[in-house]
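Encoded as C-alpha cells, the structure appears first; notes follow it.
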Amino acid sequence: MAYQTPDKESGSDPKNQTRLYNPYKDLEVPIRNLYHLPTSPEYLFVEEARRKRRSWGENLTFYTGCGYLAGAVGGAGAGLVDGVRSFESGDTAKLRINRVLNSSGHAGRAWGNRIGIIGLLYAGIESGIVAVRDTDDVWNSVAAGLGTGALYRAARGVRSAAVAGAVGGVVVGVAVTAKQALKRYVPI
C-alpha cells in the first residue's frame, strides 16, 4: 500500500492519497551540520585551556625539531654548493652525483645536529626561566638566548662563551622584536 501511486481519478480525494515510502526520511541531515566542528582547540582539563603557552615538553620538541630540520636543509644546501665546487674536469656524471650527495648528506647531518642542539638548549633554558619567574615575557626569551649561546660555547673558554652569549641574546632580542612588529603592522 505504501508503494501505490495515486490515480488521477482518486487524486481529488485527500483520504486516498498515499506517498512513496522513503527509508532515508529521518536521515536527511544537512552535511554542514553533520561536520560542524568548533574552530577553537578543545581541552580535556580547564587548567590546560587557561594556559597561554606550550608546555616545556612541547617547547622542547618544537624547537629541537625545527632547529634540526632547518639545519639539515641549510647544511644540505651548503653541501650541494661544496659538492659542485669540488668537481674535477675528468669526473663522470655518476661520480659528480656521488660527490654532491655525499657532501650534502655530510653537511646536512652536521648542521642539523648543531642547530638541533641549540634549539634543545634554548627550549630547556627558556622553560626553566619561565618556571622560576612564573611569568612569560620578552626577557625570558632574551635570557634564554644569552644562556644558550654561553652554554653552547662554554667548552671553548670563558671569552668565547661570553661572546656567544651576547650574540645569542642579541639574536633572540631582534627575533622577538621583529615578531612583535610583524604582529602589530602586518595584518595576517
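We did not get these values from a lab; they are worked out from the coordinates using the rules stated. Since the structure is predicted, the reported quantities are computational estimates derived from the model, not experimental observations. Every residue, glycine as well, gets a Cβ built from its backbone with ideal geometry; the counts of neighbours run over all protein chains shown.
Think of each Lys and Arg Cβ as +1 and each Asp and Glu Cβ as -1; about the Cα centre, that makes the dipole of segment 136-188 roughly 180 debye.
Excluding PHE62 itself, calculate the net charge of residues whose Cβ lies under 12 Å from the Cβ of PHE62, where each Lys or Arg counts +1 and each Asp or Glu counts -1.
0
Under the criterion of Cα pairs below 8 Å and six or more residues apart, the relative contact order for segment 57-136 equals 47 percent. Here the mean projected area of the convex hull built on the C-alpha positions of segment 57-136 is 5.6 nm².
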